[in-house]
Amino acid sequence: NNRDERAAAMPGESFRLAAGGILLILMTYCFLNTRDGKLQNPHPGFWRMLHGSTLWYAMIAAILLVIHPDDGITIIGWLFPNIQRTERGPMEGVGANLPIANSDSISDISTLGMDHLDCNITKDNIYRQVFGLWFFAHVIGWWAKMLILRDLWTCLVYSTVFELTELTLQCLVPEFQECWWDSIFLDWLVANLLIGMNLGMITQRMLNWPSLNWAQDQCSSMWKIKLSKFMTVMTPSSWIKYNWNPDNDPISLILNATIWILMGVGEVNSFFLINIFQLPRDHAFNALRQVFFCLAALPACEEWYEYTRHVRVFTTGFATEEYKEKYLGRKPRIGQTAWLLMITISLETAAILKYSLALGLF
C-alpha cells in the first residue's frame with residue numbers, strides 16, 4: 001500500500017533516479033577515459049563530461065525512438081511529472097503564444113490559419129513582440145551561433161534559411177506562426193543580424209584582443225594574480241575566425257552547409273518536442289537543451305572545421321598558410337564530438353517523425 005501511494009504521489013521516481021545514475025556513470029567514465037578534444041578551457045575534463053552528457057541524451061533519444069509512442073509519452077511524463085497534460089492533440093490551442101485579434105474566439109482552435117494573428121503594425125503589437133520570450137531567444141541564440149560558426153556570411157545564410165523554414169513549417173508548429181513584419185524585420189533583421197550577430201562579432205573581437213594578456217605580473221597584488229589565473233583558465237586559449245570557403249570551391253561549400261543545416265535541424269526539433277510532449281514554451285527543458293546543444297556544438301564545429309580544411313587540401317591540392325600552421329601533419333578525421341552530435345540529432349529527428357506520425361501531426 002505504501003509503495004502504491006508513493007508511486008501515485010511521485011510517478012516515475014525510480015526512472016528518474018535510474019536516468020540520473022546512468023548520467024553520472026557516463027560523465028564519470030568519459031571524464032576518466034575519453035580522449036581530450038580540441039577545447040581545453042576551463043578544463044579538458046569539462047568537455048569530456050559534456051561528451052558523456054551528450055551520449056546520455058543520445059541514449060534517451062534512442063529509447064524514445066524504439067519504443068511505442070504511448071510508452072515514450074509516459075516516460076516524458078515521468079521525467080517531467082509536474083506538467084499538466086490533456087488528451088488533446090498537439091496542434092490544439094494554436095495561437096496561445098501569439099498576438100491575437102480576438103482572444104475570446106480562439107480558445108477551441110484545432111486547425112491552423114492566420115486569422116487569429118493581429119498583424120496590424122501598432123505600438124502594442126510591436127512592444128509585445130520585442131519584449132516577448134522569442135525575441136530574447138533570437139538575440140541570445142544568434143549571439144551564440146555567431147561564436148560557434150564565427151563567420152558572418154554563414155550565419156546570414158543560416159538565419160535566412162531558418163526564417164524560410166519557419167514559414168514552411170508553420171502549418172505543423174504553432175510557434176512558427178508569426179506576422180510578416182515580425183519575421184522579416186524584428187526577427188531576421190533586428191534580433192538576428194543587428195543585435196545577435198553583431199554582439200557575437202564584438203565578443204569574438206574582445207576574446208582575440210592581444211591586450212587581453214592575463215599573464216602574471218610580479219608587481220601585481222595577490223588578488224590581481226588570482227584574477228589573472230582565473231581569467232587564463234576561464235577564457236578560450238584561442239578564438240580564431242573561421243574562413244569556411246576561401247576559394248568558393250563546391251566541396252567546401254557543401255561541407256560548410258552541412259554543419260549549419262545540422263544545427264538548424266536540431267533547432268527546429270526543439271519546437272516539435274515541446275508540441276509533441278505538451279511542454280510549456282518556457283519550460284526549463286527547452287532552455288537547458290539549447291544551452292546543452294550550444295556547448296556541444298562548440299567543439300563539434302571546431303572539429304568539423306578542421307576536417308573541412310583536410311578535405312579542401314585533398315580535393316584542391318592547395319594548402320593555405322592557416323592549414324600549414326595549424327593542421328599540417330594531423331590525421332584527417334571527423335572528431336568524436338562532431339560524430340556524436342550528428343548521431344544524437346539524427347536519433348532525435350527520427351523519433352520526432354515517428355511520434356508526429358503516431359499523433360497525426362503529419
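Computed over region 255-312, the P(r) tail beyond 14 angstrom holds 61 percent of alpha carbon pairs. For region 255-356, the relative contact order comes to 41 percent (Cα pairs under 8 Å, sequence separation of at least 6). When the listed pairs Lys123/Lys241; Lys38/Lys324; Lys38/Lys354; Lys241/Lys354 are checked against a 28 Å cut-off, the alpha-carbon distance exceeds it for Lys123/Lys241; Lys38/Lys354; Lys241/Lys354. For region 13-69, the gyration tensor built on C-alpha atoms gives a prolate shape. Its axis ratio a/c (a ≥ b ≥ c) is at least 1.5, and a/b is the larger of a/b and b/c.
Amide H to amide H distances under 5 Å link Leu117 with Ala101, where only residues 5 or more positions off or on other chains count and H is placed in the peptide plane.
From the largest down, region 265-362 spans 51, 26, 17 angstrom on the principal axes of its Cα atoms. Based on Cα atoms of region 306-362, Rg over Rh with Rh as the Kirkwood radius reads 1.31.
Read-outs: derived from the displayed coordinates by stated rules, not from any lab. Every value quoted in this text rests on a predicted model; they were computed, and no experiment measured them.
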